[in-house]
Amino acid sequence: MTVTILCSGFGLGFYTPGLLVEASLNRMGIPTEVLVFENVMQSDQLQKVDKSRQAYHADFSVALMSQRIPQDIRKSMDDEQIVALLQQWEAEGRKHFICLSGHWIYILDRYREQIGEANLHIDLLYLDVIDSPSWKSVRKRLGQLHESYHEVWLFGHDQQEMYTYIDIPLSDPVIPYSQRQHRLLVHGGGWGMGTYRERIAELEQVGYGLDIILYDQDERGSSDQGQRYYRMNPEWRTWQQNEEGKHTFPPLGEVQVDQAVQYESRAEYHILCEIERNVQAIVSKPGGGTLADSFALSTPIIFLEPFGEHEARNASQWEKYGFGLSYERWMSEYGGGTDILEQMHQQLVQARQQFPAYADEYIQRHMQLLHPTMAKGTP
């Protein structure tokens with residue numbers, strides 16, 4: 001019984017967590033397939049996604065304004081590809097889905113009509129505390145979804161506390177704060193958006209070593225204070241597949257002077273995790289993918305300006321839990337110091353011990369259908 005994981009490349013927060021869930025299920029013997037929404041879009045619309053990514057990196061105000069423009073993603077879909085996909089699902093008996101992006105709901109509803117309501121088991125895995133634009137658009141057009149789907153709010157929401165998380169194989173054991181490097185990871189999410197570049201000079205003055213993520217053709221800066229620079233392969237796209245027909249984690253490589261970048265990708269997690277688990281904090285906008293990594297690796301977040309209301313609420317929730325802090329407050333109240341970072345790290349460690357991983361919780365709910373031998377207690 002294959003679990004189909006539905007992702008989107010509109011942001012890595014709708015993509016890499018899906019691959020992490022896939023890796024977790026595979027380790028437990030559950031077959032999976034990851035699909036990316038862009039592969040059922042019209043080719044000219046796919047080119048627009050790429051241009052938007054470049055524009056949002058160049059000017060954060062353009063990205064913020066784009067959220068205020070209502071869009072109906074159905075106009076971008078390639079109906080021939082969708083019909084073929086639904087026929088394939090029906091022929092293969094696909095019944096279990098985990099959906100990370102609201103864009104897929106229109107397709108899932110068509111599939112539900114095609115094979116019948118009772119036969120589908122669909123988790124909606126929300127990577128934000130409130131609806132991101134894709135989910136907001138769906139609810140505006142279709143209404144509430146909780147009656148037809150199983151909703152999982154990964155970080156909790158107004159009516160519910162956090163109760164599960166996405167595990168990362170690299171996360172155990174958690175590196176104690178005392179053994180971590182006096183460094184910060186600074187980035188702008190999957191598309192390199194936000195105000196992270198404006199904070200680098202001040203962070204250098206405070207005395208931290210910095211691991212800085214570059215995007216596209218960004219130039220590396222100085223290394224005179226131990227700064228390290230990394231870049232995702234600018235040729236890589238979420239909707240591409242490798243030779244085995246699988247979607248991969250973003251290839252990442254260190255950018256060194258007068259050397260070609262050697263891009264690498266891991267099978268079960270994204271390489272950024274190797275940096276995140278060793279630093280004292282992540283300095284970034286509060287995207288869902290960053291929060292997921294923060295919790296699994298027990299690394300606190302210093303929040304920069306959010307990308308829209310949903311990320312602003314992410315930051316508020318993380319701060320309420322004691323897992324993160326706004327950049328302004330960290331500087332004004334704590335002088336950019338490490339004591340508060342260690343305190344948040346310890347709170348993350350304690351919280352993670354209380355929650356089951358999402359893949360474990362998922363299998364418990366679907367054990368009889370997914371893995372009958374496990375349900376009977378046999379190895």
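Contact annotation: residue pairs with Cβ atoms under 8 Å, 6 or more positions apart or on different chains, pairing a residue in the range 197-219 that is assigned by TED's automatic domain parsing to the domain that holds LEU184 and free of Cβ contacts under 8 Å to residues at least 60 places away in the same chain with a partner that is part of a helix (DSSP H, G or I) and not hydroxyl-bearing (Ser, Thr, Tyr), are LEU210/ILE200; LEU210/LEU203; LEU210/GLU204; ILE212/ILE200; ILE213/LEU272. GLN256 fulfils the conditions (1) out of contact with any Leu (no Cβ under 8 Å at 6 or more places or on another chain); (2) of a type outside the set (Lys, Arg); (3) in a loop (DSSP other than H, G, I, E, B); (4) within 23 Å of LEU170 (Cα to Cα) except for a single criterion, (4). Scanning the range 304-357 for residues that are out of contact with any Lys or Arg (no Cβ under 8 Å at 6 or more places or on another chain) and of a type in the set (D, E, K, R) yields GLU309, ARG313, GLU319, LYS320, GLU328, ARG329, GLU333, ASP339, GLU342, ARG352. Here LEU291 meets each of (1) touching a Ser or Thr at 6+ places or on another chain (Cβ under 9 Å); (2) assigned to a helix (DSSP H, G or I); (3) buried (at least 23 other Cβ atoms within 10 Å of the Cβ) with one exception, condition (1). Contact map, the range 80-92: first residue in the same structural domain as GLU33 (by TED's automatic domain parsing) and surrounded by fewer than 11 Cβ atoms within 10 Å (Cβ to Cβ), second residue at pLDDT 95 or above and not in a helix (DSSP H, G or I), Cβ cut-off under 6 Å, separation 6 or more or different chains; the map is empty.
For the range 310-320, the set of residues classified as under 14 Å from LEU127 (Cα atoms) and touching a residue at least 60 places away in the same chain (Cβ under 8 Å) consists of HIS310, GLU311, ARG313, ASN314, GLN317, TRP318, listed by residue number. I'd like the residue in the range 212-237 that is more than 15 Å from GLU198 (Cα to Cα) and not in a loop (DSSP other than H, G, I, E, B) and, out of all such residues, is farthest from the chain's Cα centre (by Cα). Among residues in the range 212-237 that are more than 15 Å from GLU198 (Cα to Cα) and not in a loop (DSSP other than H, G, I, E, B), the one farthest from the chain's Cα centre (by Cα) is ARG228. Looking at PHE323, PHE295, PHE307, just one residue is of a type in the set (Phe, Trp, Tyr) and free of Cβ contacts under 8 Å to residues at least 60 places away in the same chain, and that residue is PHE323.
Of all residues in the range 112-160 being of a type in the set (Asp, Glu) and surrounded by fewer than 19 Cβ atoms within 10 Å (Cβ to Cβ), which is nearest to ASP360 (Cα to Cα)? The extreme case among them is GLU151. Scanning the range 92-125 for residues that are of a type in the set (Lys, Arg) and in a strand (DSSP E or B) yields a count of 0.
If you go through the range 327-336 and keep only what is assigned to a loop (DSSP other than H, G, I, E, B) and loosely packed, with under 13 Cβ neighbours inside 10 Å, you end up with just GLY335.
The values are calculated or read from the model by the stated rules, or taken from the named source; none is laboratory data. None of the values given here were measured: they were computed from a predicted structure. We place every Cβ from the backbone using ideal geometry, glycine too, and count neighbours over all the protein chains shown.
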